[in-house]
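Chemist: Supplied in structure tokens, the structure appears directly below.
Bear in mind that the values in this text are calculations on the coordinates, not laboratory data. Since the model is a prediction, treat every value here as computed from it, not as a measurement. Note that we place each Cβ from the backbone using ideal geometry, even for glycine, and neighbour counts take in every protein chain shown.
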Protein chains: 2
Amino acid sequence: LGSAWDSGAGWLCVLMVGMAAGATAGVIDIGARWMSDLKNGICADRFWLDKEHCCWSDDKTLYKDDSCSAWTTWPEVFNIYEKSNLYYFLDFFFYVSWAMSMAGLAVVLVKVFAPYACGSGIPEIKCILSGFVIRGYLGKWTFIIKSVGLMLSTASGLSLGKEGPMVHLACCIGNIFSYLFPKYGMNEAKKREILSASAAAGVSVAFGAPIGGVMFSLEEASYYFPLKTMWRSFFCALVAGIILRIVNPFGSDQTSLFHIDYMMKWTFIELIPFALLGVWGGILGSIFIWANIKWRSYCKNSAFLGRHNINEVLVVTAVTAVISYFNPYMRKNTSALIKQLFDRCGPDDVTSDLCDYRNRTITTSKVDDNYHTGIFGDGVETAIWQLIFALICKLIFTVFTFGLKVPCGLFIPSLAMGAISGRLLGITMEALTTSLQASGGQSEWMSCQIGKDCVYPGLYAMVGAAAVLGGVTRMTVSLVVIMFELTGSLEFIVPTMVAVMFAKWVGDATHKQGVYEAHIQLNGYPFLNNKEEYPYSTVASQVMRPRRDEPELCVLTQDGMTLGEIEALLRDTDFNGYPVVVSRSSMYLTGFCTRRDLQLALHSARKTQPYIVTASVVFFTPTVPDATSVGGPAPLRLRKLVDLAPMTITDQMPMETIIDMFRKLGLRHVLVTRSGKVLGIITKKDILEFMRHQESGFPGSVANPNFN
Amino acid sequence: LGSAWDSGAGWLCVLMVGMAAGATAGVIDIGARWMSDLKNGICADRFWLDKEHCCWSDDKTLYKDDSCSAWTTWPEVFNIYEKSNLYYFLDFFFYVSWAMSMAGLAVVLVKVFAPYACGSGIPEIKCILSGFVIRGYLGKWTFIIKSVGLMLSTASGLSLGKEGPMVHLACCIGNIFSYLFPKYGMNEAKKREILSASAAAGVSVAFGAPIGGVMFSLEEASYYFPLKTMWRSFFCALVAGIILRIVNPFGSDQTSLFHIDYMMKWTFIELIPFALLGVWGGILGSIFIWANIKWRSYCKNSAFLGRHNINEVLVVTAVTAVISYFNPYMRKNTSALIKQLFDRCGPDDVTSDLCDYRNRTITTSKVDDNYHTGIFGDGVETAIWQLIFALICKLIFTVFTFGLKVPCGLFIPSLAMGAISGRLLGITMEALTTSLQASGGQSEWMSCQIGKDCVYPGLYAMVGAAAVLGGVTRMTVSLVVIMFELTGSLEFIVPTMVAVMFAKWVGDATHKQGVYEAHIQLNGYPFLNNKEEYPYSTVASQVMRPRRDEPELCVLTQDGMTLGEIEALLRDTDFNGYPVVVSRSSMYLTGFCTRRDLQLALHSARKTQPYIVTASVVFFTPTVPDATSVGGPAPLRLRKLVDLAPMTITDQMPMETIIDMFRKLGLRHVLVTRSGKVLGIITKKDILEFMRHQESGFPGSVANPNFN
């Protein structure tokens, strides 16, 4: 029974995590949507309904993107129904005020209650999953404040998404539940397995993409991902997805966020524009990362901005709201914008600028391939200019938004930038094809017939979205899977793959790090990137401490040191641990003892054992000579503190192998030996420093000190 | 330029591998299809066309699964057109003879030219990717013979698939091309990166599932899968998929093998039958593995069957062909059968038994949900019995087929068994729902209306296929992704996930190993399973060699041993390497020297340096005392043979950590030390033996020899 409980505990834990993550995501979706609509108006008789549900409850089934009588805009609340200047001013005023109050409330909540609740959380999750401990980062306060703050910041209309923070929230849930199971709560390594599964559940509920969630956890979030974890992550992501589907926050049965219900076809020649979109995605991503990091490191070093976090948020929100109010594509919910750009023009879209084609044949009975001819009306031109403006603004806003002290992710803004770029290219391609066909009859390059849709601008929008997100985050396989699940379109794999591949190549060539790695470096977290190779010719003796010009290695001898000497050593040095050797002259290694254990043991010995004095000899050996035979004060036995199996390497081991060991085994330090003698120690910090030196080509401090 | 070439070489290599894999798959598909149709007849005027293309060239566009005048059956070749007994006998005779000659040719080719070309190859690929070297397993002869043999064995109608062997073929291509790039060809670890990518390409072309291929390579095939490899595998799989699409062997533009072009809906209550299918899949998978392994290990130990490989193949083929001839579902191509079972009944299927519903309303203009009412005609009953018979036969045939000395995979047979089971359950559910509706009006459990399709038997077939394949191979995420890409249906993720999960649980509970692991164990390959945990309390000193009752560790001293002594050591022992120590009395470790290097060096020294004699002292130290000062014969310097960075552990390290190191770092041996002295050695073989002992609960030989 014990073993069944033992093996079942992990499954039970991820089941609970999945259910809680699904429910949380549902609540946040509903809340954010309601608050987002609050900027425009309120449901007259049932204030707790958002616009869509308000109009549904009004029994107007033909409602589509338009107003209904039950929904009251703010000017109407004040009995101003005439569309006068006052009406527009009030509408504008309430829009901006609501946005600023929501963003302000979010930042105040974060500052006062849970400073860790800001940002996307993914860089930190990456570090935590690689073994770094940030106390309280996954605690319940962070969870509560981030949930509420996320609703507020999303609703405020800032250029941010809720997908990254959702991953953080899911990890908080995983951390909190893991304490119910001592096997997981008490063991950091085991807990990380639960956190990996939680990250998968987070993406699963954020996008409605369970497989994509597992892939994300594997490729982006997790450091070491054993296959057993994959299988459990899969379960967790699935449960979360099912629960979200039951909660059904959007009131539709669609599991995918931007479901596409038409067949898209593409010809091989179109792979060229898709690759171009990939290149563009890589460049845009690099520009974004570069600008964002520049701005964030400026903020970090600026005392003035450091003091005015709240004002910074308010200013960014005000500018965003004021500008967005006047652009229809920026004003609407970003998810809705992306969905619109992915979609194709159907009979319902006659009023939309984007679908203002001439010679269109409206057949309401069924959607036909023969819907429009690609000759643009004036509306499309307006739409193009508005979209270009929206693209530029989105880029600038997102640069300043990502890193604000509110919960903010950048999946959705990146997707939006990409979708706009893609749609623009798609419209251009459509015009090009139409004019080619008009001039030369049927083009032999495009295997489509005159009067049929040759080019699907919606497909370009999708490919563009994937490309820009790829350029920003440098995700590959997981991104393709997520996009695939987001849109539910299989034909679409090859174009996305091509675009993502080019985005990755171009992105890596122009700005080496993805946005998460860049933020990890900016914040100085100890993170060993596991995606790169280090073909260094350096060996261990060149990197280890102590260096040639430094004092020799601090060690404990297994017998012969007095309590006083050890206390002095602890006082004088601040190393996290000390090798235990046979004797100072031979330096043969017997084990390793951490500073923390040593301090606790000495402290308790001093307190509880009155016969232990400063001159007492400390023994780390299994057998201790009889106190009477030695004479002098009673000895102290500390054998049980010693880790008898420290990880050792020889001084001639290549750094490449050592870095590999650190990454794969999750080490924090190794002891360097030669012929059994301990020479030095290499910690994770030493390795990170070494790698930075190697990258900057500065070989200064890594001269060969010990070997000739 | 050098570094650009260096980094580009990997990409160029996988590009070539992808292209070659795509082309190979195309050729095999075309060849296998032609040969498969040859069993039934031949194209009269263009013998090189298969049935489908033959009838296309005949300008009969309305051809569907039926004969056309250009296609000549074998009796017709002999001018027998009347459907007499003679006609049927001749047809039967040619069917069986062709099958037997193809299978016979395949096994002869394999036996004579490339014994490694038999079987699926996936167990061996798993071992190779875990670091085991099988010389010639991925050579060009294996590739050529396996390609030809695969076409023949697939066409012979045996119960086997070409998907597993396709992975082997892709890996052969990867191995062959890697020799063009010294960076990969000369380094086994680097070569494995290419092989991982090749395996992904293999699955990509086998199923038309590039993402599934990457996931398969990650989850099932590869041992250690760094993220850089993932990204390259992705590219390789994509290229292979695109090339296959250009070759277009099936003459359709579908990228997925069993594309489903209708929307499937399912209700939550249906998750219960889906879970049942999962349970069934797990049980069926375990039965299959158990029976197959029993039979194969009987064959292995039977001298008679060992001598009659060819006859075994001929007998199995004959029995399969004779029985299959009379069952319409077994006679048709297995892929076509699966596609039929996945599909739903449309207006074209009026003649099919499986779609013989009463009260059907045939609306040829468009396929409607309202197509049939679920009340069966006689045809469905016939179909049910034939399908049950086919299921039992498939199971028995596949048990005897998998492991024959012909190229044979088991993906397709497993999918077929699952699809049959699923379709049967689907038909049952359909009848149940119909009768529930008839008795109690609209059932509140099923949210569908009377007269509409409530239950899609095709969906059950898909879920069943995934469940049985999951039960046989114990794949999880990769299987869901592959099924998803195979069918192109997004709604279908949750049902498959549920079924696969139950199949995995039930399968693991009834038969611990998947079919590949079972075959690895049957063949005794050294493979450390990386999906399990080993919570052992044993430490290194209890497992290492030499044991307490064995002679002490054979070591080389770094100076002082003569050439004769070392030669005697090499002659008397057969270890693969020897630790080099400072002196035999101190046993302090300086390095490690492999047997092979030592033998070569001593041999060449004896040949080329005449002054080296038996009494020459061998020095492994950096400095050698002057020959004149020592007196005696000239010394031999072998410093450069010594690996100065052997992996060492202490004798108190827990086995759990050691196994982890072996798996993650791909080690072959570690040296065990205490206080700098070398005590013994642990090899991969020792670890496998230890794990077997632990599993069988026999602690005999792992008594604690060195530590008390």
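Chemist: May I ask you to derive the FRET efficiency for residue B:323 and residue B:89 from their Cβ-Cβ distance with R0 = 22 Å, giving the value to the nearest 0.05?
Modeler: 0.85
Chemist: Considering Cα pairs under 8 angstrom that are at least six residues apart, work out the relative contact order of chain B and quote it in whole percent.
Modeler: It rounds to 14 percent for chain B.
Chemist: Here's a follow-up. Assuming a ≥ b ≥ c are the square roots of the Cα gyration tensor eigenvalues, decide whether the range B:2-247 counts as rounded (a/c under 1.5), prolate (otherwise, with a/b larger than b/c) or oblate.
Modeler: prolate
Chemist: Sticking with this structure for a sec: Mind giving me the FRET efficiency for residue B:623 and residue B:333? R0 is 56 Å, r the Cβ-Cβ distance, nearest 0.05 is fine.
Modeler: 0.15
Chemist: Follow-up question, since we're still on this one. Taking each residue of B:644-651 in turn, how many C-beta atoms of other protein chains fall within 10 Å of its C-beta, and what is the average?
Modeler: Mean partner-chain Cβ count within 10 Å for B:644-651: 6.
Chemist: Across the range B:61-166, how many lysine pairs separated by 8 or more positions, or lying on different chains, have Cα atoms within less than 24 Å?
Modeler: 10
Chemist: Express in whole angstrom the spacing between the alpha-carbon centres of the range B:462-476 and the range B:378-408.
Modeler: 17 Å
Chemist: Considering only C-alpha atoms, what is the centroid distance from the range B:640-655 to the range A:571-603, in Å?
Modeler: So the two Cα centres are separated by 22 Å.
Chemist: In whole Hz and in residue order, list the ³J(HN,Hα) couplings for the range B:419-428 that follow from phi through the Karplus curve 6.51 cos²θ - 1.76 cosθ + 1.60, θ = phi - 60°; x for Gly and Pro.
Modeler: For the range B:419-428, the Karplus-derived couplings read 5, 5, 4, x, 4, 4, 5, x, 5, 4 Hz, x marking Gly and Pro.
Chemist: Does the range B:106-195 come out rounded, prolate or oblate, given a ≥ b ≥ c as the square roots of the eigenvalues of its C-alpha gyration tensor, rounded meaning a/c under 1.5 and, failing that, prolate meaning a/b above b/c?
Modeler: Note, shape of the range B:106-195 comes out prolate.
Chemist: Can you work out the base-10 log of I(q)/I(0) for the protein assembly as shown at q = 0.06 1/Å, using the Debye formula on its C-alpha atoms alone?
Modeler: -0.64
Chemist: State the antiparallel share, in %, of DSSP beta bridges confined to the range B:540-702, rounding to the nearest 5.
Modeler: Percent antiparallel among DSSP bridges in the range B:540-702 is about 70.
Chemist: Positive end of the charge dipole of the protein assembly as shown (Lys, Arg +1 and Asp, Glu -1 on Cβ, about the Cα centre): tell me which of B:176, A:92, A:151 has its Cα farthest that way.
Modeler: B:176
Chemist: Sticking with this one: Where both residues lie in the protein assembly as shown, what percent of DSSP beta bridges are antiparallel, nearest 5?
Modeler: Among the beta bridges of the protein assembly as shown, antiparallel pairing accounts for roughly 75 percent.
Chemist: Name the long-range amide H neighbours of residue A:581: under 5 Å, sequence gap of 5 or more, or other chain; modelled H, no Pro or chain starts.
Modeler: A:556, A:557, A:558, A:590
Chemist: Do any GluC sites (Glu not before Pro) in the range B:541-624 lie in a DSSP loop with no more than 16 other beta carbon atoms within 10 Å, and if so, which?
Modeler: Passing both the DSSP loop test and the Cβ count: B:552.
Chemist: Computed from the mean reciprocal separation of all distinct C-alpha pairs, what Kirkwood hydrodynamic radius does chain B have, in Å?
Modeler: Computed over Cα pairs of chain B, the Kirkwood hydrodynamic radius comes out at 28.6 Å.
Chemist: Further question on the same structure: Can you work out the Karplus-derived ³J(HN,Hα) for every residue in the range A:549-562? Use 6.51 cos²θ - 1.76 cosθ + 1.60 with θ = phi - 60°, whole Hz, and x for glycine or proline.
Modeler: These are the phi-based 3J(HN,Hα) values: 8, 9, x, 5, 3, 7, 10, 9, 8, 6, 8, x, 8, 8 Hz.
Chemist: Taking every DSSP beta bridge that has both residues in chain A, what percent is antiparallel when rounded to the nearest 5?
Modeler: Antiparallel bridges: around 75 percent, rounded to the nearest 5.
Chemist: Need one number: nm distance between label points at residue A:144 and residue B:307, each 7 Å from Cα along Cα→Cβ, rounded to one decimal.
Modeler: Distance between label points: 8.2 nm.
Chemist: How high is the FRET efficiency between residue A:600 and residue A:548 when r is their beta carbon distance and R₀ equals 41 Å, given to the nearest 0.05?
Modeler: According to the calculation, E is roughly 0.75.
Chemist: About its Cα centre, how strong a charge dipole does chain B have in debye, to the nearest 20, once Lys and Arg get +1 and Asp and Glu get -1 at the Cβ?
Modeler: Dipole magnitude for chain B comes out near 2240 debye.
Chemist: Turning to a different aspect of this structure: So if each residue of separation counts as 0.36 nm, and I subtract the Cα-Cα distance between residue A:294 and residue A:396, what length gain in nm does that give?
Modeler: 35.4 nm is the gain from fully extending residue A:294 to residue A:396.
Chemist: Please compute the length gained on full extension between residue B:512 and residue B:179, using 0.36 nm multiplied by the number of residues separating them and subtracting their Cα-Cα distance.
Modeler: Result for the pair: 116.0 nm of gain on full extension.
Chemist: Which is farthest toward the positive dipole end of the protein assembly as shown among A:110, B:47, A:131, measuring Cα position about the Cα centre, with Cβ charges +1 (Lys, Arg) and -1 (Asp, Glu)?
Modeler: A:131
Chemist: In what order do B:493, A:323, A:176 fall by count of nearby beta-carbon atoms within 10 Å, going from fewest to most?
Modeler: Ranking B:493, A:323, A:176 by Cβ neighbours within 10 Å, fewest first, gives A:323, A:176, B:493.
Chemist: Hey, another quick one. Sketch the reach of a paramagnetic label on residue A:112 as a point 7 Å from Cα along Cα-to-Cβ, and name the residues of the range A:121-152 whose backbone nitrogen lies under 18 Å away.
Modeler: A:141-152
Chemist: Which cross-chain or sequence-distant (5 or more) residues have an amide H under 5 Å from the amide H of residue A:561, H modelled 1.01 Å from N in plane?
Modeler: Excluding prolines and chain starts, which carry no amide H, the hits are A:618.
Chemist: Give me Rg over Rh for the range A:540-702, both radii from the alpha carbons and Rh done the Kirkwood way, two decimal places.
Modeler: 1.03
Chemist: I'd like the chymotrypsin sites (Phe, Trp or Tyr not before Pro) in the range A:552-632 restricted to DSSP loop residues with at most 16 other Cβ atoms within 10 Å, sorted by number.
Modeler: A:575, A:611
Chemist: Quick check for me: using +1 on Lys/Arg Cβ and -1 on Asp/Glu Cβ, what's the dipole size of the protein assembly as shown about its Cα centre, in debye to the nearest 20?
Modeler: Result for the protein assembly as shown is approximately 4160 debye, rounded to the nearest 20.
Chemist: Taking H as built 1.01 Å from N, whose amide H comes closer than 5 Å to the amide H of residue A:408, not counting residues under 5 places away?
Modeler: Close amide H contacts, sequence-distant or interchain: A:119, A:120.
Chemist: Follow-up. Explain nothing, just compute: Karplus ³J(HN,Hα) = 6.51 cos²θ - 1.76 cosθ + 1.60, θ = phi - 60°, for every residue of the range A:299-304 in order, whole Hz, x for Gly and Pro.
Modeler: Each residue's phi maps through the Karplus curve to give 4, 4, 8, 8, 5, 4 Hz.
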